[in-house]
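Engineer: I have a structure here, written as structure tokens, and I will follow up with some questions on it.
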């Protein structure tokens, strides 16, 4: 750790261990041996602002029949004062963040507000990354068209934004330069309070803010920053006037003062606190006010501009590669398979390496329970698990990029949807379907949550599939397949016919294939969702449960609980063989190559040979695994194997 990083960590620890209860506790560092990362360990509280106020679209302003609007004065004043006290407590320790947002604040078990250092540092890095991405593209800044970037940048003061732009791109004219200081937190404080007051319309205001204040490289004639700023401030005043009655004029004025372009002209945090307090306690009756905390201007330290929030220095080529693929910067963990540019060296296709004994692998560790699904798209690998999470991995250097959290039940399946807005979709055993946006920085909340009708008799989602024509298909414990529109996220159709759990789904050539524990495979038309035919229904003896299937061209491979593998071509059964000793949980197919894995902890690789009248699966090789194989995915010469021991193995050809 660098000297600057150690000094900064010391300042954070000192502030968090002070007697100021409004500053979140930081306990120290934790080194994770898996990725050689060093993590800041902070106290976890009852909930963040984003969680508590997610449904408050209109803020603390509510409709009232008598005067049109009404400010929920008491609630706003109590929360607003505690926000000010938390920021003031930080300033009294000689620290300021430089950029505070909604996710930087949270509630403890008693409902008191505190500043979360961990969230503040994460947000600071996200801001730096977005700025670096915009500068690298060498084009007009399009923050307003990206909701994720806008939500991240909405709380950044103009002087901090100018500091970042001047540091990374000296050819940009950013207008008058001001020093980043305590006043930068005052700007962010006002933005947080405005968000609480106004709600969603605040985002539109900040969209206008970026149009006015962010310099455009294409503007050769320069910009009238003063005039643009004044026009924007007038819009802010108008918005506040329509939301508040005349009694709250002082609050409106001080919030507008906090948004002064010159940080030296902004009121102090204590001034804001006093103004909010007067909403509930008039000055002549206020006998409990203590002296304001003294801020030592001689020892101010901005966390945003110091070491812990810095991005690692990269060459333009490396940075551009990472930004295009949406990757966070990570160490390569010392793996010999990673070259200087962070890419895994491959000498060819896995199958070629298998014949010559040149198969290598990488372990992806991060999940806490059995892997249940794998999907690829947008430069990422997505993995689902019984640990109720979906993890995102880089396909370039196989580093861990993000973790989607929110499911309350085991995540049973995951798919990638290559829509106009790329999506990752996960389904859980409680019937929950979570739709996640795929753009960096990744959001913490899903774009949409869908829920199947709950019934105690059934076990939720078991399988997912994407059609490519705007539909998501779910296979469920209630024996049905459901089609959901990805345009408006509504249930479009329910397909019935199976007599037990629908355990696996696949889409190929305009046909949806569904496999069930009832031992049959049903085919459905993607155009009108009508049934086409049923396979396996006439099989002699007891039917084994279908656990997995894969379709490619006119071939369909089905894996069963008893270790049997069956191959259909043009709906005719051409081959049946015992492929594994025990249940086959996963099957994948690419061209003539077939990959299967299951209970016996082995991945078998077979070559499909034959024509439309006959087919055979010739054993080509096998790969021994450390645990039961629960998921398989073959992609661009690499084989991803999900295991019951919570590890994902990436097998590839390496000399």
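Each value in this text was obtained by applying a stated rule to the coordinates, not by laboratory testing. Here the structure is a predicted model, which means the values were calculated and not measured. Don't worry about glycine lacking a Cβ; one is built from the backbone with ideal geometry, like all the others, and counts go over all protein chains shown.
Engineer: Given R₀ = 45 Å, what would the calculated FRET efficiency be for residue 614 paired with residue 444, taking r from the Cβ atoms and rounding to 0.05?
Structural biologist: Values: r = 53 Å, r/R0 = 1.18.
That pair, residue 614 with residue 444, gives E of 0.25.
Engineer: Sort the following peptides by mean Cβ neighbour count (other Cβ atoms within 10 Å, averaged over residues), highest first: 350-359, 250-259, 188-197. Can you show the working numbers first?
Structural biologist: Working: 350-359: 16.3, 250-259: 18.7, 188-197: 24.0.
For the peptides 350-359, 250-259, 188-197, the packing ranking is 188-197, 250-259, 350-359.
Engineer: Something else now. Among 230, 81, rank each residue by its count of other Cβ atoms within 10 Å, from fewest to most, as a rough exposure measure. Don't jump to the answer; show the numbers that get you there.
Structural biologist: Values: 230 12, 81 19.
So the ranking, lowest neighbour count to highest, is 230, 81.
Engineer: Also: Sorted by average packing, counted as other Cβ atoms within 10 angstrom per residue and highest first, what order do 416-424, 469-477 take?
Structural biologist: Values: 416-424: 17.0, 469-477: 21.6.
The most tightly packed comes first, giving 469-477, 416-424.
Engineer: Once R0 is set to 22 Å, what does the formula 1/(1 + (r/R0)^6) return for the Cβ-Cβ distance between residue 41 and residue 14, expressed as a FRET efficiency to the nearest 0.05? Show your work: numbers first, answer last.
Structural biologist: Numbers: r = 16 Å, r/R0 = 0.72.
Once rounded, the FRET efficiency stands at 0.90.
Engineer: Could you bin all the Cα-Cα distances of the range 574-640 into 5 Å bins starting at 0 and give me the percent of pairs in each, rounded to whole numbers?
Structural biologist: 4, 17, 28, 25, 16, 8, 2, 0
Engineer: Can you sort 107, 613 by how many other beta carbons sit within 10 Å, fewest first? Please list the in-between numbers first.
Structural biologist: On the way: 107 18, 613 9.
Ordered by Cβ neighbours within 10 Å, fewest first: 613, 107.
Engineer: Fully extended, how many nm does the chain gain between residue 622 and residue 485 (0.36 nm per residue separation, minus their Cα-Cα distance)?
Structural biologist: Working: separation 137, 0.36 × 137 = 49.32 nm, distance 4.01 nm.
Value of the extension gain: 45.3 nm.
Engineer: Give me 438, 647 ranked fewest to most by other Cβ atoms within 10 Å of their Cβ, as a rough exposure proxy. Write down the numbers at each step before the final one.
Structural biologist: Values: 438 23, 647 17.
Going from sparsest to densest Cβ surroundings: 647, 438.
Engineer: May I pose another question? Consider just the alpha-carbon atoms of the range 537-623 and return their Rg together with their Dmax, both in angstrom.
Structural biologist: 12.0, 34
Engineer: Report the extension gain between residue 256 and residue 29 in nm, rounded to one decimal, defined as 0.36 nm multiplied by the number of residues separating them, less their alpha carbon distance.
Structural biologist: 77.7 nm
Engineer: Using 0.36 nm per residue, how much length does the chain from residue 420 to residue 573 gain when fully extended, once their Cα-Cα distance is taken away? Don't skip to the answer; put the middle values down first.
Structural biologist: Values: separation 153, 0.36 × 153 = 55.08 nm, distance 3.84 nm.
Stretched fully, the residue 420-residue 573 segment lengthens by 51.2 nm.
Engineer: Now a separate question. Using every pair of alpha-carbon atoms in the range 449-574, split the distances into 10 Å bins beginning at 0 and state the percent of pairs per bin, rounded to integers.
Structural biologist: Bins of 10 Å from zero give 13, 48, 31, 8, 0 percent of pairs.
Engineer: Something else now. For the range 82-127, what is Rg from Cα atoms divided by 2.2 N^0.38 Å, rounded to two decimals?
Structural biologist: Values: Rg = 10.5 Å, N = 46, 2.2 N^0.38 = 9.4 Å.
Relative to the 2.2 N^0.38 Å estimate, the range 82-127 comes out at 1.11.
Engineer: Specify whether the C-alpha gyration tensor of the range 343-410 places it in the rounded, prolate or oblate class, a ≥ b ≥ c being the square roots of the eigenvalues: rounded for a/c under 1.5, otherwise prolate if a/b is larger than b/c and oblate if not. Walk me through the intermediate numbers first.
Structural biologist: Working: a/c = 2.85, a/b = 2.04, b/c = 1.40.
Prolate is the answer for the range 343-410, as a/c is 1.5 or above and a/b outweighs b/c.
Engineer: Label points 7 Å out from Cα along the Cβ direction at residue 118 and residue 405: separation in nm?
Structural biologist: Label at residue 118, label at residue 405, 0.6 nm between them.
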